Amino acid sequence: MQLLNYIAGQWVPSRSGRTFRNLNPADTRDCVGEFPLSSAEDVALAVEAAAEAYRSWRLVPAPQRGEIVRRAGQLLRERKEELARAMVREMGKPLVEARGDVQEAIDTADYAASEGRRLFGYTTPSELPNKVNLSFRMPVGVCGIITAWNFPIAVPSWKIFPALVAGNTIVWKPSEDAPLCANLLAEILQEAGLPPGVFNVVHGDAEAGEALVRHPGVRLIAFTGSTAVGRRIATLCGELNKKCSLEMGGKNPLIVLPDADLDLALQGVLWGAFGTSGQRCTATSRLLLHRDIAEHFLERLCAATQQLRVGNGLDEGVNVGPIINARQLERIEHYVELGRRQGARLLVGGHRLTEGEYVHGYFFAPTIFADVTPEMTIFREEIFGPVLSVTLVDSLEHAIALANDSDYGLSSSIYTRDIVAAFRAIRDLEAGITYVNAPTIGAEAHMPFGGVKATGNGHREGGWTVFDIFTEWKTVYIDYSGRLQRAQIDIEQ
Ligand code: NAD
């Protein structure tokens, strides 16, 4: 199936005619489609279209822009099953998770649409008589959006819907590993009534992404992906003086204290570590387990992990889908090898699955390492696969110190019934998100989402905070005194 870019309301191939193929990771005999491998020329056409559309889109009242986003949410609802199945086919997560991905976008549409009737500014007293001070949220302009593949609808919607409501126009470079969902979302926005050029999709790899970052007509880059690529984008945006928001990697700790509901904690670890095959920025990748409960807890955890059903996400009862591509599968293998060599103790998994139903896909057995120390690579680096590291701790303070011994700071979790321990963890964990008695995954659309340290650059998507990314403040002074008032100077007199 030949798929196209979406530029100025038209479906078009890349100017060069180059394409790339996207394969189903559960069965690589299934080619999902052939997509344009775009270059700077395609990006320029899309930015031109977005710049032209911006002239009128910015003047559409925000509640009306919100209504279009609301309709997009309604269309997502109607096409939820179709989108979820397309998502499983192109990136592998189990169907129930894919439905959740679409639901997150529906919720985001509803929230963003309603914000069209708020977008509050401030009115304040002036320091001078007969003068009024106001401030408004203004759109930024043409926004470049670059996304990862692991949440093909949800994560782009976190950026796209609020950006549109705020009056921006968009050029989106989706991941080359999840391009089909991008086209389905473009279809939905088109049907919802978005004028041509307001939203554009340019497929491709790093070449197209970097061209988007560099294009002088793009005022803002909103990026979700790895910390390495995010750093590169931040450097370029710094040189080019562009606004940029970055959502990057994680190495998320989950603490279990002896007083916790251990059955609940066990379920939380399983879901946090192996949901989406561990391919979530918020995946639980470090279990910090209190020594007093370790032996029995690990025994049960290993038994439960071996019960997880790995397979094609479309098959009934599958808990863990495939790994996204061959390169990532090799990366996971490399980390497992490093874990072994550096002295961690492999408890379960640790290998590819290649026989029978797995023969045509990229599958890796859910893996747990014990005796992991902070010096080991698997404690420190993001693996982005179904690999859990276990480190024993002696106290809450020890657990928090180890949790914070990381370059990253996205999500974190603690299981305890002790309210004092819970509040200490909330206060002391260096992370954008802390869960109490819930795993590290499970963001809700109306709450801020993002991380500290190497995970982000100070922005938060989700809820109301995303509008700080996609708007600029305009400050307005209205002087009705009929004379020249010289602010600070006239106050002194
Ligand atoms: P990636 O960084 O390899 O790619 C992300 C996007 O950037 C893709 O669209 C890619 O084509 C593009 N890109 C690559 N090089 C580029 C360049 N030089 N200039 C511009 N664009 C470029 O990440 P991935 O493998 O797609 O996704 C996995 C990563 O995403 C993990 O690190 C994960 O933690 C992170 N992630 C973070 C969040 C979050 O909200 N914090 C959410 C999901 C995923």
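The values are calculated or read from the model by the stated rules, or taken from the named source; none is laboratory data. Quick caveat: nothing in here was measured; it's all calculated off a predicted structure. A quick note on method: Cβ atoms are made from the backbone with ideal geometry, for glycine too, and the neighbour counts reach across all protein chains shown. Remember, those area values only see protein heavy atoms, side chains included, never the ligands or the DNA or RNA. Shrake-Rupley method; radii C 1.70, N 1.55, O 1.52, S 1.80 Å.
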What number goes with the only condition from (1) of a type in the set (A, V, I, L, M); (2) open to solvent by 10 Å² or more (accessible area, probe 1.4 Å); (3) closer than 22 Å to residue 218 by Cα that residue 134 does not pass? (3)
Selection within the range 190-204 - open to solvent by 10 Å² or more (accessible area, probe 1.4 Å) and closer than 16 Å to residue 157 by Cβ: 190, 191, 194
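Got a sec? Which of 418, 371, 428, 407 is in the same structural domain as residue 352 (by TED's automatic domain parsing), touching a residue at least 12 places away in the same chain (Cβ under 8 Å) and more than 20 Å from residue 285 (Cα to Cα)?
418
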If I filter the range 391-401 for residues that are among the acidic types (Asp, Glu) and assigned to a helix (DSSP H, G or I), do I get at least one hit? yes
Looking at 276, 284, 305, which is the one that is more than 16 Å from the ligand (Cβ to nearest atom) and hydroxyl-bearing (Ser, Thr, Tyr)? 305
Just checking, which of 117, 89, 79 is within 18 Å of residue 154 (Cα to Cα) and open to solvent by 70 Å² or more (accessible area, probe 1.4 Å)? 89
Which numbered condition residue 77 misses (of (1) basic (Lys, Arg); (2) touching a Leu at 6+ places or on another chain (Cβ under 8 Å); (3) closer than 28 Å to residue 271 by Cα): (2)
If you go through the range 382-399 one residue at a time, do you hit one that is over 28 Å from the mean Cα position of the chain (by Cα), exposed (fewer than 14 other Cβ atoms within 10 Å of the Cβ) and not acidic (Asp, Glu)? yes
Inside the range 405-493, counting only helices (runs of 4 or more DSSP H) that do not spill past its ends, which hold 3 or more residues that are modelled with pLDDT under 95 and open to solvent by 70 Å² or more (accessible area, probe 1.4 Å)? 487-492
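Any chance the range 43-56 includes a residue that's in a loop (DSSP other than H, G, I, E, B) and assigned by TED's automatic domain parsing to the domain that holds residue 152?
No, the range 43-56 contains no residue that is in a loop (DSSP other than H, G, I, E, B) and assigned by TED's automatic domain parsing to the domain that holds residue 152.
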Considering only residues that are within 7 Å of the ligand (Cβ to nearest atom) and of a type outside the set (D, E, K, R), which ones fall in the range 231-242? 233
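Quick grid of which residues meet (1) closer than 20 Å to residue 4 by Cβ; (2) assigned by TED's automatic domain parsing to the domain that holds residue 75; (3) polar (S, T, N, Q):
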residue: 154; (1), (2), (3): no, yes, no
residue: 163; (1), (2), (3): no, yes, no
residue: 171; (1), (2), (3): yes, yes, no
residue: 190; (1), (2), (3): yes, yes, yes
residue: 199; (1), (2), (3): yes, yes, no
residue: 219; (1), (2), (3): no, yes, no
residue: 225; (1), (2), (3): no, yes, no
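Residue-by-condition table, conditions (1) free of Cβ contacts under 8 Å to residues at least 12 places away in the same chain; (2) touching an Asp or Glu at 6+ places or on another chain (Cβ under 9 Å); (3) surrounded by 20 or more Cβ atoms within 10 Å (Cβ to Cβ); (4) closer than 26 Å to residue 86 by Cβ:
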{"residue": "15", "(1), (2), (3), (4)": "no, yes, no, no"}
{"residue": "28", "(1), (2), (3), (4)": "no, no, no, yes"}
{"residue": "60", "(1), (2), (3), (4)": "no, no, no, no"}
{"residue": "63", "(1), (2), (3), (4)": "no, no, no, no"}
